[in-house]
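First the structure, in the form of structure tokens, and then the observations on it.
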Amino acid sequence: MSTMWAASPSELLMRAATKTAGRRRSVTRRRMTLIAGLVMLGLVIAAVLLAPVLVSYSPTAIDPLHPLAPPGTPGHLLGTDQFGRDLLSRVLYGGRIDLAIAFGATIVTLVGGTIIGLVAGYVGGKLDSFLMRLVDLFFAFPFLVLIIAIVAMLGPSVFNMFLAIWITSWVAYARIMRAQTVVAKKQQYVLAARALGYRPWRIMFRHILPTTASAVILFSMVDAVGNIILAASLGFLGLGTQPPTPEWGVMISDGQNYILTSWWLATIPGLAVVFTGVAFSLIGDGLADLLRAGDR
Amino acid sequence: MSTPGQPLLTVRDLRSYLATSQGVVRAVDGISLTVHEAEILGIVGESGCGKTVTCRTIMGLMPAASLHASGEIVYHPHGERSILNAPASELRALRGAHLAMIFQDPMTALNPVRSIGDQLLEAVNAHADLSRAQARERATGLLERVGIPAPARRMRDYPFQFSGGMLQRVLIAIALASSPRLLLADEPTTSLDVIIQDQILSLLLELQEDTGMSMILVSHDLAVITEVCDRIVVMYAGQVVEEGATADIITAPRHPYTRALLDALPAEGQHGKPAPASGRRGPLRSIGGSPPSLIDVAEGCRFAPRCRHAVAKCRSWDTELIAAGAGRHAARCWRQEEIRGELADETGRSSA
């Protein structure tokens, strides 16, 4: 019973092996989150891109003879809306706009905000003060009100919705990136890079960015979900996509009038929003775990 | 074009004051030193005496916002104009290509998320126009030169896959990538164990002999300094208190602080070699007290509060460096002639 104090080499090996196996399992489990998210998002993207193959109806084709058909009606898997338009077709085509927002709006703000934050943090001084006060200014406004104001001013359209998100959403990235850069700037490897006579842009993008990018990338996953909800909200308020073009928010908005009699009109696009949002969230969580685990 | 004995870098009356929330820290307070071609100059002193700030000021790496620097730093191949407070682009062109620096902690001086090869190739390409294959060849050659086994394979590895000693070798390879004329080594062996320390020092010595570059070796360890350097500058509280050829410093120190540093060496020198200070034996002697604050600097000699030879005048009056003997030996002690016998004499140690 003295193994507590003096373990034989074979015992030690055994213990170490068990630990390794345990660690490997937990890594796999962590990866499962990421894989699940990627699979779900992959399904959404595939369905949206393959919409012309998957459904035979145009999303705007009206069938006055079969309005408000419930899901499971022959020929209309998810039923039809008040104008007899095929709901499956509308959900799939509508998803294109929502995914475009999720990617298009997010990538632009991710890249733009990251560069602004990186430069502000590295250069410092007056430029930093100016940019960060600008960020404060944006944060001081209620975000949704600001977006609604911009879209209302420019006129409701999909492009203006993008524009409003681009104008307002970079600030969060800039603030996160600036904080990271200020910390990284003091690291010895940055000092060493400066001692080698590298140019500032090289130090920023090749030395600081690779070690600090994970925070903004993780945030962008959360932000993508937010942007889908935002697009849906704007559509719901009539400031985004205009009828008859399908979009999930617009569909939910239109469907609410029939919620007591024809639940599927609002519920099905709502589920699509939730499914896509969960996919992005899982990817974000999975990436966060993975990046935290990779402690090198 | 490099003639041994020609001055390569001259620092004149350099002052680096740092603005902090506690007050102005006089980290470097009027030091002058010269590095000659193909020379290894040692800077030795306790922690916090301004060694690192000196190096970083020479390299122009101090944060501009908090630094107030004055004096002259002349890098002779670049002309006789001082490079202190020179435009950033001018300094950038000198750094890496002419002046290179290696740091105390190799574990943190490399970017953790980029491979060794990536970072080495970057340094190789920074100041030269090479083809991809040439650059790769030079990079592997450098790794081989600093003693990394299987260099081509290890190029793909990341810093966390290397030991501290190996990383310091990589950092030396990176520093040498564009064949600098002067290498500033800021405590390059402090974070390494003694065996590795010796290997790194021999490597630096070898490389210095091969390339004929000059070197400033900074350490708090006098044993390391005496083993490697041609000349030594002893710093205390932001000032130079003694400078001279290594042999002169260890056999005939002129400043009580240098004597105290020599006394603090183990009798049996490092790596089993006899101690430089004439092989004496006996208990180790530490220096009582700690270095003074560099914020409220008292009048008089800065070492006076800890000096066994201090008299009343030392506390109110200070001298400049006084040349003594031959060979550019100088010490900042006005009593050096009086106490000369005591400083050189072993038995003088028992009196305090």
Wholly within the range B:59-159, which helices (runs of 4 or more DSSP H) include no fewer than the required count, namely at least 3 residues that are more than 13 Å from every other protein chain (Cβ to nearest Cβ) and closer than 27 Å to residue B:206 by Cα? B:132-145, B:151-154
Consider residue A:70 against the criteria (1) without any contact (Cβ under 8 Å) to a residue 40 or more places away in the chain; (2) surrounded by fewer than 15 Cβ atoms within 10 Å (Cβ to Cβ); (3) not in a helix (DSSP H, G or I): it satisfies all of them except one. Which criterion is unmet? (1)
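State whether the residues of the range A:193-201 include one that is buried (at least 18 other Cβ atoms within 10 Å of the Cβ) and under 26 Å from the mean Cα position of the chain (by Cα). Write out each step before concluding.
If we filter the range A:193-201 for residues that are buried (at least 18 other Cβ atoms within 10 Å of the Cβ), which is where we start, we get A:193-198.
Cutting the leftovers down to under 26 Å from the mean Cα position of the chain (by Cα) gives us none.
No: zero hits.
How many residues are among the aliphatic types (A, V, I, L, M) and within 11 Å of chain A (Cβ to nearest Cβ) if we restrict to the range B:36-58? Write out each step before concluding.
Of the range B:36-58, the ones among the aliphatic types (A, V, I, L, M) are B:38, B:40-41, B:43-44, B:53, B:58.
So of that shortlist, the ones also within 11 Å of chain A (Cβ to nearest Cβ) come out as B:58.
Going through the range B:36-58 one residue at a time, the tally reaches 1.
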Check residue A:121 against each of (1) surrounded by fewer than 23 Cβ atoms within 10 Å (Cβ to Cβ); (2) in a helix (DSSP H, G or I) and name the one condition it does not meet. (1)
Do any residues in the range A:202-213 that are more than 9 Å from every other protein chain (Cβ to nearest Cβ) and modelled with pLDDT of 90 or more have Cβ atoms under 9 Å from those of residues that are surrounded by fewer than 17 Cβ atoms within 10 Å (Cβ to Cβ) and assigned to a helix (DSSP H, G or I), where the two are at least six apart or on different chains, and which pairs are they? A:204/A:123
Total residues in the range A:244-296, condition of a type in the set (Phe, Trp, Tyr), farther than 15 Å from residue A:223 by Cα and either within 14 Å of chain B (Cβ to nearest Cβ) or in a helix (DSSP H, G or I) (or both): 4
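The values are calculated or read from the model by the stated rules, or taken from the named source; none is laboratory data. Here the structure is a predicted model, which means the values were calculated and not measured. Every residue, glycine among them, receives a Cβ derived from its backbone with ideal geometry; neighbour counts consider all protein chains shown.
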